[in-house]
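One structure below.
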Amino acid sequence: QVQLVESGGGLVQPGGSLRLSCAASGSIFSINDICWYRQAPGKRRELVANRRSGSTANYVDSVKGRFTISRDNNKNTVYLQMNNLKPEDTAVYYCNLHLTRYPDLFEDDYWGQGTKVTVSS
């Protein structure tokens, strides 16, 4: 069984920074594609950043130059570094990992529980 646990959300002032973490545990053979989504109140969930295995990262235009997606394979953890935060970044953020399980080598998508980010003065 695979479990994702997110952390790092909170209240921050405009211009501040946060780093979200998504730790995967369980029978993991490999983490392939990594994604971060967010959902603001009353809005649809949107893809913020993603990175396919062996490829470069992609970002929604509104966060380019401010957010960075990364991973630590040794820790099976994915990060979203968010700098120069704006009130419009306020949302619940979700990690989404496409990974391969062990030992059956079955590939599937997994979601974190979500972590709330509030940007306000």
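The values are calculated or read from the model by the stated rules, or taken from the named source; none is laboratory data. Keep in mind the model is a prediction, meaning the values are calculated, not measured. For neighbour counting, all protein chains shown are included, and Cβ atoms are generated from backbone atoms with ideal geometry for every residue, glycine included.
Annotations
- Boolean, D104 is under 15 Å from the mean Cα position of the chain (by Cα), surrounded by fewer than 17 Cβ atoms within 10 Å (Cβ to Cβ) and of a type in the set (D, E): no
- Count of the stretch 17-45 residues which are within 16 Å of L105 (Cα to Cα), not in a loop (DSSP other than H, G, I, E, B) and not hydrophobic (A, V, I, L, M, F, W, C): 5
- From V48, V78, V2, residue being surrounded by 13 or more Cβ atoms within 10 Å (Cβ to Cβ), at pLDDT below 95 and closer than 15 Å to W111 by Cα: V2
- Residue count for the stretch 72-116, restricted to those that are part of a strand (DSSP E or B) and farther than 30 Å from Q13 by Cα: 8
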